[in-house]
Amino acid sequence: LSSKRKYYDMAMSVFESVYPLLGSIATDNSLSTGLAGIGWMVEYMAQSSLTENDTDDILEEICTIMDGFNPLDQLSGGDRFDNELVLNVLEYGVYYLSRIRNSKHNPAQNSQHLTEKYILFQLIDLLDTQKTYFLNESEDSNKKELLSAIVWFLGSLQKQNIVHSKLSNLTKCYAKK
């Protein structure tokens, strides 16, 4: 924003110091301590015009690693959910939502974008098939926070014009709660 080279160099130095550590956090897809947070930060910087906006090359490796440890796989077929795991799944989705928000997002040129959309669709389907669990009457404050995160996530998907047959009704269903 200041157009001063020293700030750009400082930001790149921080990013370059984090990049080699990606292997040690390869199984952490959270926003606060893991790959989703690093990728989200890169997207935020790019979409805020703090760096180049074409993030495909920078994030290709992160996306590949994250896809190998998809937290949705841990939830498939489970009857009981751990709220922390569901929150991690939402954080995973927030990262992919940030990728799709990028104006340079071009699925025709990068097959990774199809994976991103597929993951977002998996999340929508999970929230639809498990809405009884998420919407049950519970005084659990952690579950209320999780419900707020779900409503925010679904609303963000709608604002991004993600086309999924269940999204609109699902958003309304969760928002009523």
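The values are calculated or read from the model by the stated rules, or taken from the named source; none is laboratory data. In this text, all values refer to a predicted model and were calculated from it rather than measured experimentally. Every residue, glycine as well, gets a Cβ built from its backbone with ideal geometry; the counts of neighbours run over all protein chains shown. Only protein heavy atoms, including side chains, enter the accessible area calculation; ligands, DNA and RNA are left aside. Shrake-Rupley method; radii C 1.70, N 1.55, O 1.52, S 1.80 Å.
Between N161 and K4, 0.36 nm times their residue separation minus their Cα-Cα distance comes to what? Before the final figure, lay out the partial values.
Details: separation 157, 0.36 × 157 = 56.52 nm, distance 3.61 nm.
Stretched out fully, the N161 to K4 stretch lengthens by 52.9 nm.
Expected output is a single nm value to one decimal: the length gained when fully extending between F121 and S48, i.e. 0.36 nm times separation in residues minus the C-alpha distance. What is it?
Numbers: separation 73, 0.36 × 73 = 26.28 nm, distance 2.62 nm.
Full-extension gain reported as 23.7 nm.
The shape of the chain can be summarised by an equivalent ellipsoid whose semi-axes, obtained from the alpha carbon gyration tensor, come to 30, 18, 16 Å from longest to shortest.
What value, in deg cm²/dmol to 500, does the helix sum -39500 (n - 2.57) over DSSP H runs of n ≥ 4 give at 222 nm once divided by the residues of the chain? Mind dumping the intermediate values first?
On the way: 9 runs with 115 residues, N = 177.
Rounded to the nearest 500, it is -20500 deg cm²/dmol.
Using just the alpha carbons, could you tell me how many Å³ per residue the convex hull of region 7-98 encloses? Please list the in-between numbers first.
Numbers: hull volume 8.6 nm³, N = 92.
Measuring per residue, one finds 94 Å³ for the Cα hull of region 7-98.
Accessible area per residue for the chain, computed on protein heavy atoms with a 1.4 Å probe, is 57 Å². Placing unit charges on the Cβ atoms of the charged side chains and taking the dipole of the chain about its Cα centre, the candidate lying farthest along the positive direction among T129, L50, Y174 is Y174.
In terms of Cα to Cα distance under 16 Å, which lysines are near enough to K131, apart from those fewer than 8 places away along the same chain? Excluding near neighbours in sequence, the set is K143, K144, K166, K172, K176, K177.
With the biggest extent put first, the Cα atoms of region 120-177 measure 33, 19, 18 Å across the principal axes.
Look at the dipole of the chain built from charges on Cβ: of L154, G39, Y7, the Cα furthest out on the positive end belongs to L154. Basic side chains Lys and Arg get +1 at the Cβ, acidic Asp and Glu get -1 at the Cβ, and with that the dipole of the chain about its Cα centre reaches some 800 debye.
Under a Cβ-Cβ cut-off of 12 Å, what is the net charge of the residues other than N102 that fall near it, where Lys and Arg count +1 and Asp and Glu count -1?
Working: positive: R99, R101, K104; negative: E43, E52, D54, D56, E116.
Residues near N102 contribute -2 overall.
Taking the C-alpha atoms only, the angle from helix 83-101 to the longest principal axis of the chain is near 50 degrees.
Between the helical axis of 56-68 and the longest alpha-carbon principal axis of the chain there is an angle of about 40 degrees.
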